[in-house]
Structure formats: structure tokens, C-alpha cells
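Novice: Pasting a structure here, questions to come.
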Amino acid sequence: MLMSEARIDQASGLRQMAHPVRVVAITGGKGGVGKTNVSVNLAVALANQGQKVMLLDADLGLANIDVLLGLQPTYNLAHVVNGECSLEDIIIPGPAGIKVVPAASGARAMAHLSPAEHAGLIHAFSKLGTALDVLLIDTAAGISDSVISFTRAAQEVLMVVCDEPASITDAYALIKILSRDHRLHRFHILANMARSIQEGRELYDKLVKVTNQFLDVTLEFSGVVPYDDCLRKAVKKQSAVVSSYPRSKSAAAFIHLAQKAIRWPMRREPGGHLEFFVERLVQSSLYVVDRPAKKAYAGDSYSKGELS
């Protein structure tokens with residue numbers, strides 16, 4: 001019986017290692033576009049769709065995911081960097097069963113980690129024994145080394161923009177750096193706090209117009225989150241709007257985004273650079289080598305200027 005149980009545990013572990021994790025960096029360049037609200041609500045919406053979700057607060061020195069959700073972590077990423085505990089020790093439960101990796105607040109040193117320290121944090125996730133489907137990374141604002149490191153290590157980039165000239169300018173600047181210097185060429189665009197669907201599409205069109213002219217990138221329109229008083233009320237309650245006001249317009253938008261994100265094509269091979277859960281990608285590519293290729297979802301298209 002003991003040998004049988006050991007074999008079962010080993011087989012379970014191998015299957016888990018062969019199960020790739022969808023890693024999505026949520027960024028935007030400019031501060032104030034609502035990245036953290038998008039991250040929190042997308043995480044809860046995905047969990048409500050049956051996904052096992054982990055949410056990483058990658059604003060290392062100015063954490064606020066724990067504040068938005070009313071959580072009180074004992075330890076955070078600063079303790080991991082300082083060698084006081086492991087990554088697994090700081091993970092805390094959040095709403096709908098999501099797992100939250102909290103960062104430090106007011107820790108200047110955490111905002112200025114070296115590339116080697118960023119790489120160490122990213123590698124630490126590969127040691128987690130947690131069963132996961134999705135890792136969402138809420139990046140800091142701007143184009144710092146931290147933002148670049150965590151975004152580059154993701155499989156998908158969700159760029160959040162709003163109706164401000166600086167938002168479009170900063171989003172373009174970030175896309176330019178990621179494509180020119182780090183070979184990222186596909187971006188999902190989400191218009192946040194829009195007054196209408198038309199306004200959101202116009203924001204997307206503005207960004208596509210300038211990227212088509214100067215960059216070799218592909219942008220996919222991922223939807224519009226409308227300006228909604230229910231979202232503000234949820235923030236004051238330190239709750240996700242999809243939990244507190246599930247029938248609100250913004251909640252519906254996040255639920256639609258989650259359904260769409262689940263259908264994004266899943267990359268099953270390493271990209272050849274530093275990535276989250278790269279070992280699982282390697283194991284996955286070995287595990288499925290003899291399996292027939294999965295047919296592409298009819299809606300999975302990444303042509304320039306596409307509105308889906």
C-alpha cells in the first residue's frame with residue numbers, strides 16, 4: 001500500500017508539473033489607469049469560472065492588492081528577498097479561493113531590486129507545489145526594470161489604457177520598449193473607465209494607428225470596462241466588484257474578460273528567456289509530444305487592428 005501510494009503521489013506530481021500555467025502581466029505604463037482593480041477583479045472572475053488563480057502584487061515597494069481586498073498579510077515579498085521565509089510562506093487566501101502573493105508597502109529598497117533579485121523571485125515560483133491554472137501579475141506603474149522584468153517573464157501582456165493622452169503615450173512607450181528590446185510582439189488592450197463601448201474602441205484605434213505606423217506588433221482588443229459607481233463602492237468596501245455587485249456593468253465586463261482570457265491560445269513551449277513556471281512549460285512540451293495538436297479556437301486571431 002505504501003509503495004502504491006508513493007507511485008500515485010509521484011504520478012500526481014508529474015501531471016502537475018506537466019500542467020502549464022497561463023501567466024498574464026497586467027500593466028499600462030501610466031499610473032492611475034486602474035491596473036490593480038483590473039487585476040483583482042479578473043482574478044476573482046477567473047476563479048468563479050473554475051480556474052485556480054494566483055495573484056502577484058508586483059508593485060514591490062508600494063503594494064496595494066492587500067488593501068483593496070482588506071487582507072492583512074504577516075509576511076510579504078520583502079521577507080522572501082531578505083531570506084526570512086520562503087515564497088510559499090507568504091501566500092495568503094483571497095476571495096473566491098484565489099491565492100495572493102503580497103508585496104511590501106513603503107519599502108524603498110524593494111522598488112530598486114537588481115536584475116538578479118528579480119530573476120530570483122521569478123525562479124522561486126517554479127518551486128511552488130501549488131496546483132495553478134493562472135498567474136496574474138499586477139505590475140507597478142511606469143517602465144522601470146521591475147515592470148520590464150515581470151512583464152517579459154509572462155506569456156501574455158494585458159495593457160490597460162484609459163481616456164487620457166498620457167495613458168496612450170505611456171502605453172505606446174512601454175509597448176515600444178518591450179517589442180524593440182525584448183522581442184514581445186503581441187499585446188491585449190483593455191480600455192478601462194470608459195464612458196461607452198465606442199469610446200473604448202476609439203482608444204484602441206488610437207493605439208493601433210500609432211503602433212501600425214512605427215512598430216512591428218500585434219494588438220488585440222480585449223474589451224471595455226465602463227466607468228461604474230459600483231466599482232467605487234466596492235473599492236470602499238475593500239471588495240471585488242464581481243463579488244459585491246455581480247450584476248453591475250463593470251462586473252459583467254470583467255466576467256466577459258475572464259471568459260475571453262481562458263480562450264487565449266496556450267503556449268506550451270518555453271520562449272527561450274527568463275519566464276515564470278518555465279519548468280512546467282518544458283514538462284508540458286515533453287508530455288504532449290505524442291499527442292495530436294489541438295485545433296485552434298475559431299475566435300483566436302491576432303491580426304493587426306482586429307476587433308473581436
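Novice: Round to a whole angstrom and tell me the spacing of the C-alpha centers of segment 58-128 and segment 192-252.
Specialist: Distance between centres, Cα-based: 26 Å.
Novice: Can you give me the long-range amide H partners of R22? Hydrogens built in the peptide plane at 1.01 Å from N, cutoff under 5 Å, separation of 5 or more residues or another chain.
Specialist: V134, L135
Novice: If you don't mind, another one. Using Cα centres only, tell me the gap between segment 34-55 and segment 130-150 in whole Å.
Specialist: Measuring centre to centre over Cα atoms gives 14 Å.
Novice: While we're here: Test of understanding: what is the full-extension gain from R180 to E117, defined as 0.36 nm times their sequence separation minus their Cα-Cα distance?
Specialist: Once the chain is fully extended between R180 and E117, it gains 20.3 nm.
Novice: With a 1.4 Å probe and all protein chains kept in place, how do M266, M110 rank by accessible area, largest first?
Specialist: Accessible-area ranking of M266, M110, largest first: M266, M110.
Novice: Between K236 and M266, 0.36 nm times their residue separation minus their Cα-Cα distance comes to what?
Specialist: Using 0.36 nm per residue and subtracting the Cα-Cα distance, I get 7.2 nm.
Novice: Return the distance in nm (one decimal) between the two label points of a simple spin-label model at V67 and S144, each offset 7 Å from Cα along Cα→Cβ.
Specialist: A separation of 1.4 nm, rounded to one decimal place.
Novice: Quote the FRET efficiency, to the nearest 0.05, computed for E84 versus K249 with a Förster distance R0 of 45 Å and r equal to the Cβ-Cβ distance.
Specialist: 0.55
Novice: For V81, what accessible surface area do you get with a 1.4 Å probe? Give it in Å², rounded to 10.
Specialist: Taking all protein chains as shown, V81 has close to 50 Å².
The values are calculated or read from the model by the stated rules, or taken from the named source; none is laboratory data. Keep in mind it's a predicted model, so treat the numbers as computed, not measured. Cβ atoms come from the backbone with ideal geometry, glycine included; neighbour counts cover every protein chain shown. The protein model used for the area step is the full one, side chains on, heavy atoms only, and it has no ligands, DNA or RNA in it. Shrake-Rupley method; radii C 1.70, N 1.55, O 1.52, S 1.80 Å.
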